[in-house]
Amino acid sequence: MVKEALWWDRLSLLFSIIVVGVAAVVMLQSGMFSSSLSADSQITWHLIRSAGILSYVLLTISMLWGLAVSSRAVSDWSPGVLTMLMHSTISWLAVVLAIGHALLLMVDKYFAYTIADVLVPFIGPYRPLAVGLGTLSVWIMLAVSASFWIKDRMGHRNWWWLHLTSYVTFGLATAHGLLAGTDSERLGIRILLLLGVLAVSGFTAFRVYKARSKPPKPVRAPKRA
């Protein structure tokens, strides 16, 4: 167990370093260090992009942390209450940034977005299908995050089934980033999305392996009358 916990610590550290490295590449490619923000007429657009990227990173981390929790890979070194608190907090941070990403579209002057365009999928003025996928992902993400508060009322099984829709959220958010993002052709963004997909896929495969490798429960012999 100690070796497994150490392995997860190293993997988490490696993933954090990769995320920071990718974020640095994205910022350098965007040229944000070569211009003054006060003189930048596209500051709102920069904030929209930044909020979207950070939301996707946090969504990916939330997915990975949830998989680590469900596979009991962190049970030996992270208390249960703290583990769920971290999972819930990361999930809500992703939601808040995703909502900010959407609402800032109403402030940007390039496209005239209304509150209906932001809340209702597939009706916006810019790439309605691609942007609508992002809108759907936010709604599902909001429902999953809110379920942390009513887990006891829902029951564990219903809560677990709802949490499976996190994969739908992640898939929609990835598709949104590829199809709707103006930075989708940048190498840094492609690497970020690829790393997210590979990490979630790899951790999911590990979760399935852990579930199948559990020893079967012993069958109790029926009591004699």
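Computed values, structure above
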{"quantity": "Hits in the range 176-199 - residues which are part of a loop (DSSP other than H, G, I, E, B) and either among the charged types (D, E, K, R) or at pLDDT 90 or above (or both)", "calculated": "ASP183, GLU185, ARG186"}
{"quantity": "Filter result (aromatic (Phe, Trp, Tyr) and either surrounded by 18 or more Cβ atoms within 10 Å (Cβ to Cβ) or not in a loop (DSSP other than H, G, I, E, B) (or both)) within the range 134-149", "calculated": "TRP139"}
{"quantity": "Sole residue being out of contact with any helix residue (DSSP H, G or I) (no Cβ under 7 Å at 6 or more places or on another chain), over 23 Å from LEU136 (Cα atoms), modelled with pLDDT of 85 or more and surrounded by 12 or more Cβ atoms within 10 Å (Cβ to Cβ), chosen from GLY171, GLY202", "calculated": "GLY202"}
{"quantity": "Residue among VAL81, VAL131 that alone is surrounded by 15 or more Cβ atoms within 10 Å (Cβ to Cβ) and either in a helix (DSSP H, G or I) or at pLDDT below 85 (or both)", "calculated": "VAL131"}
{"quantity": "Exclusive hit being at pLDDT below 80 and not hydroxyl-bearing (Ser, Thr, Tyr), set LEU93, LEU13, LEU54, LEU67", "calculated": "LEU13"}
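The values are calculated or read from the model by the stated rules, or taken from the named source; none is laboratory data. Everything quoted here is computed from the prediction, not taken from an experiment. Every residue, glycine as well, gets a Cβ built from its backbone with ideal geometry; the counts of neighbours run over all protein chains shown.
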